[in-house]
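Shown next, in structure tokens, is the structure this report addresses.
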There are 2 protein chains.
Amino acid sequence: MDTEDLKTRVLAGERRALARAITLVESGRADHRAQALALLDGLKGHGREALRIGLSGTPGVGKSTFIETFGCMLTGKGLKVAVLAVDPSSARSGGSILGDKTRMERLSREKNAFIRPSPAQSQLGGVARRTREAIDLCEAAGFDVILIETVGVGQSETMVAEMCDLFLLLLAPAGGDELQGVKRGIMEMADILLINKADGDLKTQALRTCADYAGALRLLRKRPQDPEGFPKAMTVSAVEAQGLEAAWQEMNTLARWRRETGHFAGRRAEQARYWFEAEVRDGLLARLRAASARQAMRSLAAEVEAGKLTPGQAARQMLEEHLT
Amino acid sequence: MDTEDLKTRVLAGERRALARAITLVESGRADHRAQALALLDGLKGHGREALRIGLSGTPGVGKSTFIETFGCMLTGKGLKVAVLAVDPSSARSGGSILGDKTRMERLSREKNAFIRPSPAQSQLGGVARRTREAIDLCEAAGFDVILIETVGVGQSETMVAEMCDLFLLLLAPAGGDELQGVKRGIMEMADILLINKADGDLKTQALRTCADYAGALRLLRKRPQDPEGFPKAMTVSAVEAQGLEAAWQEMNTLARWRRETGHFAGRRAEQARYWFEAEVRDGLLARLRAASARQAMRSLAAEVEAGKLTPGQAARQMLEEHLT
């Protein structure tokens with residue numbers, strides 16, 4: 001399929017074309033990369049705007065069930081929903097948090113849903129670029145909501161927060177002492193904290209946990225991108241599909257306010273700039289992986305190890321003679 | 001003073017020349033940098049080998065008192081002792097952990113001691129390079145022991161561990177629960193854990209804490225660079241100068257074993273390679289700070305923010321047209 005054809009089919013919302021386009025942006029081959037860039041360039045200015053929602057939470061908190069139930073609720077409203085996963089650990093472990101669609105069996109059967117596992121990449125920078133580009137493709141394909149799931153570990157959360165319009169943090173009911181366990185930095189990234197498992201025996205505890213978090217949120221400085229009352233904490237039950245409608249309404253309230261005040265577009269512009277700068281840095285460092293650079297690094301490193309050159313001298317020689 | 005003269009005086013162990021040489025490596029001026037590199041190159045192969053000891057510990061644990069007492073004990077043995085500090089936060093706070101020699105009044109009066117505060121630098125990479133070069137200068141000046149002090153915060157500890165032959169972690173007596181607070185990564189870097197304040201009311205608690213840490217250390221995998229029994233935990237009292245002689249003997253036992261088995265030289269070679277590679281990366285990224293690059297970044301970022309270029313397109317243009 002040529003680039004023009006692929007572009008037409010992605011814009012028509014064809015799922016197989018979308019899957020193929022994502023495979024293209026995930027590829028490490030130079031010719032694929034060139035085609036991917038041409039495709040992304042061709043898709044620019046399609047005028048569609050999805051709501052990009054980041055979702056984080058530690059394993060066991062119920063992310064898959066939440067996405068399944070929440071996603072089905074949205075498709076039930078006639079919305080097209082894409083789910084992408086960011087799991088930098090999947091490259092090492094070989095398994096992916098979304099490697100198995102059976103985790104979201106009901107949602108994966110919906111014709112208006114599209115689920116894509118995390119790209120297998122060894123470098124966080126590579127995962128970031130490919131996920132961003134997959135988001136752009138899903139948006140061009142006419143998806144209304146794009147959920148970007150990540151595991152609750154530092155760097156990947158910051159990365160996802162830099163790609164989405166809203167950021168949700170899914171939490172489990174907990175004792176008061178455990179509240180401190182949620183890092184302040186992650187609290188500050190979140191727009192809505194969802195305390196899951198507010199059902200059965202855990203319901204009372206979930207309500208208490210929610211109140212604790214609400215109290216903690218009030219201590220944070222008000223952010224310019226938030227209307228009154230945000231960030232906020234709410235309880236949900238993914239298993240019983242409780243509270244999801246209310247959560248969706250809050251997301252829309254927040255998104256509407258940000259659109260009207262210009263924060264929505266402002267944040268996207270900032271994010272684009274952030275990723276441009278990150279890609280330039282990654283691209284510079286990638287020069288060290290070229291065959292000739294690696295050979296020069298190896299031979300200079302040998303001289304450094306033997307004490308013939310100081311690290312500074314060798315670095316200067318490398319930069320001046322081999323990286324110009 | 002010309003470079004040749006400075007070199008002669010540093011090799012003669014003149015403290016003022018050493019201080020001047022360190023000021024030179026700390027300077028950001030291009031002509032100073034060139035002179036610093038020439039000096040370091042000229043000093044290569046002086047054949048002297050100091051014992052480089054890294055020391056970390058959170059504020060309040062008694063680092064200054066320990067260095068004062070331990071340093072004086074060493075000068076009392078006729079050894080020449082240099083103390084350097086690494087404090088990446090000092091650039092921001094304006095104050096330095098060693099900005100004030102009055103913290104180590106007794107040691108600073110010793111003619112065989114040399115104390116130097118942390119260089120004021122905004123970038124961790126800059127602090128690293130300057131500290132490494134200061135270590136080289138102290139070694140060339142004939143110091144027998146170089147103590148490199150750092151505050152107990154992640155990145156600066158890793159940095160210091162990559163510059164020293166032995167790494168000490170100073171700890172306070174604590175309840176059993178607090179033991180978890182010491183990050184596993186830092187435990188794994190340490191060669192000797194010193195539980196300080198083993199005096200007065202805290203003595204019993206210090207002994208119990210020491211036993212707890214000794215138990216935790218036994219769970220770590222044995223490292224090839226360690227003889228039987230290392231890493232180890234010991235109690236000391238910096239205030240009463242207790243246990244410091246025993247600690248010094250353990251440091252010597254470890255250093256001797258590593259010298260005999262080749263791990264000492266092997267680690268220095270690895271460290272040199274590590275810093276060579278780090279400097280190459282820093283040097284590549286420094287190209288983004290050149291005036292012309294900054295201007296191009298700004299104008300491309302504006303196009304990205306306006307949606308005229310994708311981050312990927314703009315990055316490619318930057319790399320191909322402005323960073324070659």
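The values are calculated or read from the model by the stated rules, or taken from the named source; none is laboratory data. Computed from a predicted structure; not experimentally measured. So basically every Cβ, Gly included, is an ideal-geometry build from the backbone, and we count neighbours across all protein chains shown. The accessibility values were calculated without ligands, DNA or RNA, using every heavy atom of the protein model including side chains. Shrake-Rupley method; radii C 1.70, N 1.55, O 1.52, S 1.80 Å.
The figures follow:
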| item | result |
| --- | --- |
| Test: residue in the stretch B:247-262 that is of a type in the set (K, R) and surrounded by fewer than 16 Cβ atoms within 10 Å (Cβ to Cβ) | yes |
| Sole exception among (1) farther than 30 Å from A:A272 by Cα; (2) of a type in the set (D, E, K, R); (3) modelled with pLDDT of 95 or more; (4) surrounded by fewer than 17 Cβ atoms within 10 Å (Cβ to Cβ) for B:R223, by number | (3) |
| Matching residues in the stretch A:38-54 - criterion: being open to solvent by less than 50 Å² (accessible area, probe 1.4 Å), closer than 20 Å to A:R116 by Cβ and either modelled with pLDDT under 95 or part of a helix (DSSP H, G or I) (or both) | A:L39, A:L40, A:L43 |
| Near pairs, Cβ below 9 angstrom, 6+ apart or cross-chain, from the stretch B:298-324 (more than 19 Å from A:G47 (Cβ to Cβ) and open to solvent by 90 Å² or more (accessible area, probe 1.4 Å)) to any residue that is assigned to a helix (DSSP H, G or I) and modelled with pLDDT of 95 or more | B:E321/B:A296 |
| Checking B:Q271 against (1) surrounded by fewer than 17 Cβ atoms within 10 Å (Cβ to Cβ); (2) more than 8 Å from every other protein chain (Cβ to nearest Cβ), the condition it does not meet | (1) |
| From B:A315, B:A293, B:A255, B:A246, residue being more than 8 Å from chain A (Cβ to nearest Cβ), closer than 16 Å to A:V280 by Cα and part of a helix (DSSP H, G or I) | B:A293 |
| Within the stretch A:18-48, considering residues that are in contact with a helix residue (DSSP H, G or I) (Cβ under 7 Å, 6 or more places away or on another chain) and among the charged types (D, E, K, R), the one farthest from the other protein chains (Cβ to nearest Cβ) | A:R20 |
| Breaking point among (1) under 22 Å from the mean Cα position of the chain (by Cα); (2) on the phi > 0 side of the Ramachandran plot; (3) not polar (S, T, N, Q), for A:K44 | (2) |
